[in-house]
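The values are calculated or read from the model by the stated rules, or taken from the named source; none is laboratory data. Here the structure is a predicted model, which means the values were calculated and not measured. Backbone-built Cβ (ideal geometry, glycine too); neighbour counts: all protein chains shown.
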Amino acid sequence: MAKKTTINDIAGRLGISPATVSFVLNNREQGISEDTRRKVIETAIEMNYRKIPKANMLGWLRVAYLTPHIQYFNFYTSFFAEVYNHLQQKAPEAEIELSLHQFSPDESVEKKYLQLQKLQALGIDVYICSNKAIAEYFIQHDLKVILSQGGKSDRCVSIFCDDYTAGRLAAEHAFEMGHRVAGIIFPSVASPRFSGFVETFSAAGGECPGKFRWSPVFEHGKIEEFVKKNSKQKDLPSFFYCFADNIMFPVIRGLGANGLTVPDKVSLIGADNLYWGRFCRPAFTTVDLCEELFAEKLIEAIKHTAAGKPPYQLAVPVRLLRRETVKALN
């Protein structure tokens, strides 16, 4: 059986005292230089020492991603999951230690403060927030914050998709393919994605009737039932713009229950370019929100914010992906 590496072994290799090695490996500063700390950790890794300290002991930035809806970060099921997946892949090269936490802005003052203390005890350098209320709460406590696809703030770096352009591109494609009446399935008409679609489609000469601007409860089973119930109308539009790819699955099922196949009877466009939408039949026509580029911009924002530089706002560009869910009308 191989002999376990000890602190004395590491100290002997480096020619320094065991006490210095112990201080480094047990997260105790004691005035030790960054160069010495790095050498101790690198040697400990090389010699297979089993108790390596956290990555930020090597000078890495420790970043916490906060969201009130941690279920959105499930594998490839939402924009946030795609962004976080890319962020995880890019973080080690950028020397960033990344963690994901659920944080609700609606909790009591006491519960929020307790969770804040727990996060601060982890030594977090920068907080990424997907909700503006969470961002404002952490800003109030003088912490370094980035707002990620949660709106805009003048008090911190804000990174967001160009949602208005996403709506515009969807409208232009629908009109180009011959559709003149469009329905919309969205959680909120306050979204720039909604405005971009309605304003562009209407300006081109299309119509978005109010009775087909649907806002069902955004749970997949309830969306399917809602669409099944409401798609029985005889004057149903030939086209619907869906807020995101992940709701196109229940929309297709709801329409199909009434014999309305996609795209033969009803055309659909989504957003996000989610993984499974590329491989189903029909493959989803969608607006790619460029999640990998979004993650790269977050990496840049993390370093910018950690350095104490001033806030800025950045809209990440988007692009249309033409696939199979939009039928060309004569």
Just to be sure before I move on: is Lys234 surrounded by fewer than 15 Cβ atoms within 10 Å (Cβ to Cβ) and part of a helix (DSSP H, G or I) in the structure I sent? no
Is there a residue being without any contact (Cβ under 8 Å) to a residue 12 or more places away in the chain, closer than 18 Å to Thr305 by Cα and part of a loop (DSSP other than H, G, I, E, B) anywhere in the range 107-115? no
So for the range 272-295 (the condition being modelled with pLDDT of 95 or more, in contact with a Ser or Thr (Cβ under 7 Å, 6 or more places away or on another chain) and farther than 30 Å from Ile159 by Cβ), does at least one residue qualify? yes
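Being of a type outside the set (Ser, Thr, Tyr) and farther than 16 Å from Thr286 by Cβ is the filter here, so list the residues in the range 70-79 that pass it. Let's see the steps before the verdict.
We begin by selecting, within the range 70-79, every residue of a type outside the set (Ser, Thr, Tyr); these are 70-71, 73-75, 79.
Within the range 70-79, Ile70, Gln71, Phe73, Asn74, Phe75 qualify.
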Leading residue by the ranking (surrounded by the fewest Cβ atoms within 10 Å (Cβ to Cβ)) among those in the range 171-195 that are over 21 Å from the mean Cα position of the chain (by Cα) and in a helix (DSSP H, G or I): Glu176
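Being within 20 Å of Arg180 (Cα to Cα), charged (D, E, K, R), within 32 Å of the chain's Cα centre (by Cα) and assigned by TED's automatic domain parsing to the domain that holds Leu169 narrows it down to one residue among Lys211, Lys222, Lys234; which is it?
Being within 20 Å of Arg180 (Cα to Cα), charged (D, E, K, R), within 32 Å of the chain's Cα centre (by Cα) and assigned by TED's automatic domain parsing to the domain that holds Leu169 holds for just one of Lys211, Lys222, Lys234, which is Lys211.
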Does any residue in the range 8-19 that is of a type in the set (Lys, Arg) come within less than 8 Å, Cβ to Cβ, of a residue that is at pLDDT below 90 and part of a loop (DSSP other than H, G, I, E, B) six or more places away or on a different chain, and which pairs are these? Arg13/Met47
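Go through the range 22-58 and give me each residue that's small (Gly, Ala, Ser) and at pLDDT 75 or above. Write out each step before concluding.
Residues of the range 22-58 that are small (Gly, Ala, Ser), as a first pass: 22, 31, 33, 44, 55.
Once the filter is applied, which keeps residues that are small (Gly, Ala, Ser) and at pLDDT 75 or above, the range 22-58 yields Ser22, Ser33, Ala44.
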Considering Val262, Val217, which residue is among the β-branched types (Val, Ile, Thr) and modelled with pLDDT of 95 or more? Val262
Residue list for the range 244-272, restricted to those being within 17 Å of the chain's Cα centre (by Cα) and either surrounded by 23 or more Cβ atoms within 10 Å (Cβ to Cβ) or in a helix (DSSP H, G or I) (or both): Asp245, Asn246, Ile247, Gly270, Ala271, Asp272
